[in-house]
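Engineer: Provided herewith is a single structure, encoded as structure tokens, for subsequent inquiry.
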Amino acid sequence: MKDSLKPGMSFTFQYKVPEDKTVPHLFPDIEEGRVMPEVFATGFMVGLFEFACIKALNPHLDWPREQTVGIHVDVSHTAATPPGMTVTVKGTLKKVEGRKLHFSLTADDGMDTISSGTHDRFVIDAEKFTASVAQKKARFEGGSSAAPA
């Protein structure tokens with residue numbers, strides 16, 4: 001992490017909602033989802049918050065060796081956004097606790113505030129993280145779901 005990563009850092013990120021980010025596209029293999037309204041899905045909105053934070057953080061990290069992963073999300077989703085509208089995410093880094101980063105976020109679609117809440121991310125060493133995931137995958141594929149001793 002660079003010295004420039006400090007509480008108070010703010011950012012704005014915009015995203016035009018395509019049709020494939022609506023509720024029916026979130027889990028198209030689940031029958032009920034296919035008949036839901038075609039509005040920006042909460043699951044995709046959470047992902048948008050994550051990537052808005054990632055884009056804001058990368059200049060302050062030794063990217064791509066250092067990356068961040070989401071570890072907590074607490075958001076509301078209070079207004080529907082049809083495809084074609086642009087969602088603006090505004091965020092502020094509220095706290096830095098070692099490698100744990102706490103954000104305050106809001107999103108609006110130009111007509112309504114559609115979401116607000118908090119999101120925590122954790123700075124990782126990408127190589128170590130990837131190796132750990134590969135070990136977990138190997139244990140799973142080998143039929144052992146037990147954690148190492």
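Engineer: Looking only at the stretch 1-43, which residues are at pLDDT 95 or above, surrounded by 10 or more Cβ atoms within 10 Å (Cβ to Cβ) and of a type in the set (Gly, Ala, Ser)?
Structural biologist: 10, 41, 43 - these are the residues of the stretch 1-43 that are at pLDDT 95 or above, surrounded by 10 or more Cβ atoms within 10 Å (Cβ to Cβ) and of a type in the set (Gly, Ala, Ser).
Engineer: From the list 128, 90, 94, which one is at pLDDT 95 or above and assigned to a helix (DSSP H, G or I)? Talk me through it step by step, then tell me what you get.
Structural biologist: Details: 90 fails: assigned to a helix (DSSP H, G or I); 94 fails: assigned to a helix (DSSP H, G or I).
Criteria check complete, one pass: 128.
Engineer: Do you know which of the residues in the stretch 87-111 that are among the charged types (D, E, K, R) and farther than 14 Å from residue 11 by Cβ is nearest to the chain's Cα centre (by Cα)? Break it down into steps so the answer makes sense when it comes.
Structural biologist: Start the filter on the stretch 87-111 by keeping residues that are among the charged types (D, E, K, R), which leaves 90, 94-95, 97, 99-100, 108-109.
From what is left, the residues that are farther than 14 Å from residue 11 by Cβ are 95, 97, 99-100, 108-109.
Working: 95: 17, 97: 19, 99: 17, 100: 15, 108: 16, 109: 18 Å.
Only one residue tops the list, namely 100.
Engineer: Could you tell me which residue of the stretch 12-34 is farthest from residue 86 (Cα to Cα), considering only residues that are under 16 Å from the mean Cα position of the chain (by Cα) and outside any loop (DSSP other than H, G, I, E, B)?
Structural biologist: Among those that are under 16 Å from the mean Cα position of the chain (by Cα) and outside any loop (DSSP other than H, G, I, E, B), it is 26.
Engineer: If you don't mind, another one. Hey, can you tell me all the residues within the stretch 94-109 that are touching a residue at least 24 places away in the same chain (Cβ under 8 Å) and in contact with a strand residue (DSSP E or B) (Cβ under 6 Å, 6 or more places away or on another chain)? First the steps, then the outcome.
Structural biologist: Residues of the stretch 94-109 that are touching a residue at least 24 places away in the same chain (Cβ under 8 Å), as a first pass: 94-96, 99-101, 103, 105, 107, 109.
If the condition is that a residue be touching a residue at least 24 places away in the same chain (Cβ under 8 Å) and in contact with a strand residue (DSSP E or B) (Cβ under 6 Å, 6 or more places away or on another chain), then 94, 95, 99, 100, 101, 103, 105, 107, 109 are the ones that fit.
Engineer: A follow-up question, please. For residues that are in contact with a strand residue (DSSP E or B) (Cβ under 8 Å, 6 or more places away or on another chain) and in contact (Cβ under 8 Å) with a residue 60 or more places away in the chain, scanning just the stretch 118-149, find the one that is farthest from residue 4 (Cα to Cα). Lay out the reasoning, then the answer.
Structural biologist: Our first condition is that a residue be in contact with a strand residue (DSSP E or B) (Cβ under 8 Å, 6 or more places away or on another chain); within the stretch 118-149, this holds for 118-126, 129.
Within this subset, residues satisfying the condition of being in contact (Cβ under 8 Å) with a residue 60 or more places away in the chain are 119, 121, 123, 125-126, 129.
On the way: 119: 20, 121: 17, 123: 14, 125: 18, 126: 20, 129: 24 Å.
The selected residue is 129.
Engineer: So, one more: Name the residues in the stretch 44-60 that are touching a strand residue (DSSP E or B) at 6+ places or on another chain (Cβ under 7 Å) and either of a type in the set (Gly, Ala, Ser) or surrounded by 15 or more Cβ atoms within 10 Å (Cβ to Cβ) (or both), would you?
Structural biologist: The answer is 45, 46, 48, 49, 50, 52, 53, 54, 56, 57.
Engineer: May I ask you to list pairs of residues, at least six apart or on different chains, whose Cβ atoms are under 9 Å apart, with the first in the stretch 10-38 being free of Cβ contacts under 8 Å to residues at least 40 places away in the same chain and farther than 23 Å from residue 106 by Cα and the second being polar (S, T, N, Q) and not in a loop (DSSP other than H, G, I, E, B)?
Structural biologist: Partner pairs satisfying both residue conditions: 36/22.
The values are calculated or read from the model by the stated rules, or taken from the named source; none is laboratory data. Since we're looking at a predicted model, the values are computed, not measured. With ideal geometry, Cβ positions are generated from the backbone for all residues, glycine too; neighbour counts draw on all protein chains shown.
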